[in-house]
């Protein structure tokens, strides 16, 4: 009787027939099973023959880390055996495979599950809160007109701008009444151009508001002169005058004293000139 805990003929006939399959188990190591008291005893007694297949479960004193070896008998009388490979079972590591003893309160053949890892433990992963992406991240394009907290792609933005009828920065074409509002801007906000301001349709007009501190208006001379009060005038302003209605003895119209930011004087060459005069200040 050998020192195996078990030695079982799983399949096959009498010695000398087709190869058989044997299984065995021991608490010793692989080197021990090839010595006297193990496989050598079986070979000497003719209980195993050449080409028989052996499946040996070896724990080597550590039941939690058993190894299963597959091999076949080469020359039993000489104690020669060929071991093809082995794999490790139980709950230990090493060998050809196997599980881990425990992970996140789970035991046995543990596989990854939701919640096993933090984002910081996954290479290249971005957090759900305030993620920072690199490269060219993509997202589904929302349907035109969507107004939610959904991510807006560049394609969605371009479609929305086109559908809204916004004019391009280069060579924009406006329609209807174009209004430049000073709401939220400083009081002296201006519309500037480095080119020409053109009215390409006959009958186009330049409408300038009149009233207090305006840049244009109508005044009536008294005794050949008039002081126009307006903050629109500057020291170097261009002031244009046009006689709207002749009253009294008319004379040539000129600009007298200009007080920047306060007023300017309209003078006539005749002290009897009480005409109605239109004026325009351009800065």
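The values are calculated or read from the model by the stated rules, or taken from the named source; none is laboratory data. Every value quoted in this text rests on a predicted model; they were computed, and no experiment measured them. Quick reminder, even Gly has a Cβ in these numbers, built from the backbone with ideal geometry, and neighbours come from all protein chains shown.
Residues checked against (1) in contact (Cβ under 8 Å) with a residue 24 or more places away in the chain; (2) surrounded by 12 or more Cβ atoms within 10 Å (Cβ to Cβ):
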| site | (1), (2) |
| --- | --- |
| 206 | no, no |
| 216 | yes, yes |
| 221 | yes, yes |
| 225 | yes, yes |
| 233 | yes, yes |
| 247 | yes, yes |
| 256 | yes, no |
| 259 | yes, yes |
| 264 | yes, yes |
Give just the number: which of (1) surrounded by 14 or more Cβ atoms within 10 Å (Cβ to Cβ); (2) closer than 30 Å to residue 171 by Cα does residue 274 not satisfy? (2)
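Would it be correct to say that residue 150 is part of a loop (DSSP other than H, G, I, E, B) and surrounded by 11 or more Cβ atoms within 10 Å (Cβ to Cβ)?
yes
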Filter region 121-131 for residues that are farther than 24 Å from residue 151 by Cα and at pLDDT 75 or above; which is surrounded by the most Cβ atoms within 10 Å (Cβ to Cβ)? 122
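So, in region 1-32, exactly how many residues are at pLDDT below 70 and either surrounded by fewer than 17 Cβ atoms within 10 Å (Cβ to Cβ) or under 15 Å from residue 73 (Cα atoms) (or both)?
Count: 12.
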Every listed condition ((1) in a loop (DSSP other than H, G, I, E, B); (2) under 16 Å from residue 7 (Cα atoms); (3) at pLDDT 75 or above) holds for residue 35 save (3)
